[in-house]
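Q: Have a look at this one before I ask anything.
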């Protein structure tokens, strides 16, 4: 039977009826939801598909991968194991299970699984790159550098390996390799996706070599190509901030002041991408009472799930308007279910930076929570965004400077709203002051989070936890100031971003 002959029953959830779709239509639906970053629905559809085709390997892998993207670690592991039961040597399943093991803290098993995959395909450049990425997550930077070099030597067109190598500290790529990659790009030997990654990699390398013009030439080329593959609606972003300003009023909080809320002790770390949040999370997670969950998008997913479950469906924040306490309980329960595998200490950090949009909700839903806002000079922050290629198109506004500037202004509006309407609810850590006054800022941070002092928080770079963000290599070093005012080197290239510093501080808080 063909994919169009095989019919799968899919329950999309909420009030929608069960759908009967061909296998081809199910594949398309999963791909579309993943493209939209709706990983919760993609995971639900994928798992239903795998359950109805238990004898086939590829649905099990797809379910494992989709559940992993939705941060549903337990079901993701189950489907990965089902795939390996069908074919113990399947490389894709070995890789996804390795990543899951890293998430659950089983680092030794994570490495064994990747090594098993490499023994089956020792010349596979991509596998050596994946292994090197795992080594970076584990803080084994020198070994990772060797692994990335091996990956690139096996296939110079492996832009992932080149990008991984370029993002490590130091000058790790010689000029001959740079020229070779530039020739490969210009000669059309790379796919569009590979060219994007190669341009970002070469931009990093040229930055490290102190070549601003060449750095920005590759950065512009990479961002221009990448921006053609993503969608960002600046109008929708602005309306989101305007909706919050209209909805979260003093009367709204007065009306709901008696809501009991969920007693969970969570430290929500919020801010704009590349603000220094991974450093702050590393400091907090070095405290013996704190477990770091990393960038989990559980709150956003719980809100989205609830908003689509009600009749008529309503977008946030209006979905919580009529039955506020019922809505908050449902969202809190959905959140708690997702984060349960990460919640292993007295406190848990949640570093989904975009939660700055939900601080009003957090205030009512988790009264014991601490909200830590990490702030860095606006132009430094946005330039750092522009020079980085992010995972899974999660921040589509970063590949165009006008979009970046507009999104940053929207973020500022949210922070100013919460500081005005919920004074004292947010503790702001200024990145530059953390760099220059580490102990003073760290003590104030721990005091706000009601944590006793612990010297380990000053030695955060010795924290052996796995870090899975683009700052994973940087937080293995002691505090350093190399990134402060870095934008000034490239000032003449930064056009629309420079206006963000018109307030003379570049700060998001009240002026």
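Q: Looking at 196, 259, 269, 205, which one is assigned to a strand (DSSP E or B) and in contact (Cβ under 8 Å) with a residue 12 or more places away in the chain? Before the answer, list the steps.
A: Details: 196 fails: assigned to a strand (DSSP E or B); 259 fails: assigned to a strand (DSSP E or B); 205 fails: assigned to a strand (DSSP E or B).
Just a single option satisfies the conditions, and that option is 269.
Q: Among (1) without any contact (Cβ under 8 Å) to a residue 24 or more places away in the chain; (2) more than 17 Å from residue 388 (Cβ to Cβ), there is one condition residue 171 misses while meeting the rest; what is its number?
A: (1)
Q: Please pick out the residue among 407, 413, 376 that is under 27 Å from residue 497 (Cβ atoms) and surrounded by fewer than 21 Cβ atoms within 10 Å (Cβ to Cβ).
A: Result of the check over 407, 413, 376: 413.
Q: Also, quick follow-up: Looking at 229, 249, 220, 191, which is the one that is more than 15 Å from residue 393 (Cβ to Cβ) and at pLDDT below 95?
A: Values: 229 fails: more than 15 Å from residue 393 (Cβ to Cβ); 249 fails: at pLDDT below 95; 220 fails: at pLDDT below 95.
Step by step, each of 229, 249, 220, 191 is checked, and only 191 is more than 15 Å from residue 393 (Cβ to Cβ) and at pLDDT below 95.
Q: Sort out which residues of the range 173-193 are surrounded by 17 or more Cβ atoms within 10 Å (Cβ to Cβ) and not in a helix (DSSP H, G or I), and write them in order of number. Quick ask: steps written out before the conclusion?
A: Start the filter on the range 173-193 by keeping residues that are surrounded by 17 or more Cβ atoms within 10 Å (Cβ to Cβ), which leaves 173, 177-178, 181, 184-185, 190.
Scanning the range 173-193 gives 173, 190.
Q: Can you find a residue in the range 215-222 that is in contact with a helix residue (DSSP H, G or I) (Cβ under 8 Å, 6 or more places away or on another chain), free of Cβ contacts under 8 Å to residues at least 40 places away in the same chain and at positive phi?
A: no
Q: Shifting gears a bit: (1) farther than 17 Å from residue 341 by Cβ; (2) touching a residue at least 40 places away in the same chain (Cβ under 8 Å); (3) in contact with a helix residue (DSSP H, G or I) (Cβ under 8 Å, 6 or more places away or on another chain): which one isn't true of residue 48, the others all being true?
A: (3)
Q: For the range 91-152, list the helices (runs of 4 or more DSSP H) that sit wholly inside it and hold at least 2 residues that are in contact (Cβ under 8 Å) with a residue 40 or more places away in the chain; which are they?
A: On the way: elements: 91-104, 107-120, 125-137.
In the range 91-152, 91-104, 125-137 are the helices (runs of 4 or more DSSP H) which contain 2 or more residues that are in contact (Cβ under 8 Å) with a residue 40 or more places away in the chain.
Q: Something else: Can you tell me which residues in the range 234-245 are surrounded by 12 or more Cβ atoms within 10 Å (Cβ to Cβ) and farther than 20 Å from residue 355 by Cβ?
A: Passing the criteria: only 234.
Q: I need the full set of residues from the range 8-40 which are part of a loop (DSSP other than H, G, I, E, B), under 29 Å from the mean Cα position of the chain (by Cα) and at pLDDT below 85, in order please. Before the answer, list the steps.
A: First, pick out the residues of the range 8-40 that are part of a loop (DSSP other than H, G, I, E, B): 11-18, 36-38.
Then drop every residue that is not under 29 Å from the mean Cα position of the chain (by Cα), which leaves 11-14, 36-38.
Result: 12, 13, 14, 36, 37, 38.
The values are calculated or read from the model by the stated rules, or taken from the named source; none is laboratory data. Because the structure is a prediction, the values reported are computed rather than measured. Note that we place each Cβ from the backbone using ideal geometry, even for glycine, and neighbour counts take in every protein chain shown.
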